[in-house]
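One structure is given below, encoded as structure tokens.
The values are calculated or read from the model by the stated rules, or taken from the named source; none is laboratory data. Note that the coordinates shown come from a computational prediction; the quantities given were computed from them, not determined experimentally. As a convention, Cβ positions derive from the backbone with ideal geometry for all residues, glycine included, and neighbour counts pool all protein chains shown. Accessible surface is based on the protein model in full, side chains and every heavy atom, while ligands, DNA and RNA are left aside. Shrake-Rupley method; radii C 1.70, N 1.55, O 1.52, S 1.80 Å.
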Amino acid sequence: MKEKTEYMWLVQLDIPEELDDEFNRIYNTEHVPFIAKVPGVLGVQRYVLERPNAGVQRYATVYRVDSPDLPQTPEWKAASAQGDWASKIRPHTSNASLSMFRAIP
């Protein structure tokens, strides 16, 4: 039996420092839980840059997913639109980098 390929959707972004607390609260209590419920999401882990590094975004989130197309599905988009993320946070994000990686067997 062929093993199913896993993918990593890496989202990196910046947010104005004055919004850090609200950003982290909404990301942790709303955005991640909504996205984690989307069928095909295998796990979610957030990161913050330990030391400043020129040209590297401050925040990163790794979404383990079972399909490279999952972030473009209606289910993912609907989950991402829930709560305060779309209205209070998304307009203030900058420097976003969205990358899909395929696991190497």
Is one or more of the residues making up segment 71-80 at pLDDT 95 or above and either touching a strand residue (DSSP E or B) at 6+ places or on another chain (Cβ under 7 Å) or of a type in the set (Phe, Trp, Tyr) (or both)? yes
Given the residues Asn24, Asn28, which is the only one that is open to solvent by less than 60 Å² (accessible area, probe 1.4 Å) and free of Cβ contacts under 8 Å to residues at least 60 places away in the same chain? Asn24
So how many residues does segment 1-19 have that are modelled with pLDDT of 95 or more and in contact with a Lys or Arg (Cβ under 9 Å, 6 or more places away or on another chain)? 9
Taking segment 22-73 and the residues there that are farther than 17 Å from Ser94 by Cβ, aromatic (Phe, Trp, Tyr) and assigned to a strand (DSSP E or B), the one that is nearest to the chain's Cα centre (by Cα) would be Tyr63
Segment 59-103, residues that are open to solvent by 40 Å² or more (accessible area, probe 1.4 Å) and within 18 Å of Tyr7 (Cβ to Cβ): Arg64, Asp66, Pro68, Asp69, Gln72, Glu75, Lys77, Leu98, Met100, Phe101, Arg102, Ala103
Glu6, sole failed condition from (1) open to solvent by 40 Å² or more (accessible area, probe 1.4 Å); (2) under 13 Å from the mean Cα position of the chain (by Cα); (3) within 19 Å of Phe101 (Cβ to Cβ): (2)
Determine if segment 74-84 includes at least one residue that is within 17 Å of Ile15 (Cβ to Cβ) and in a helix (DSSP H, G or I). yes
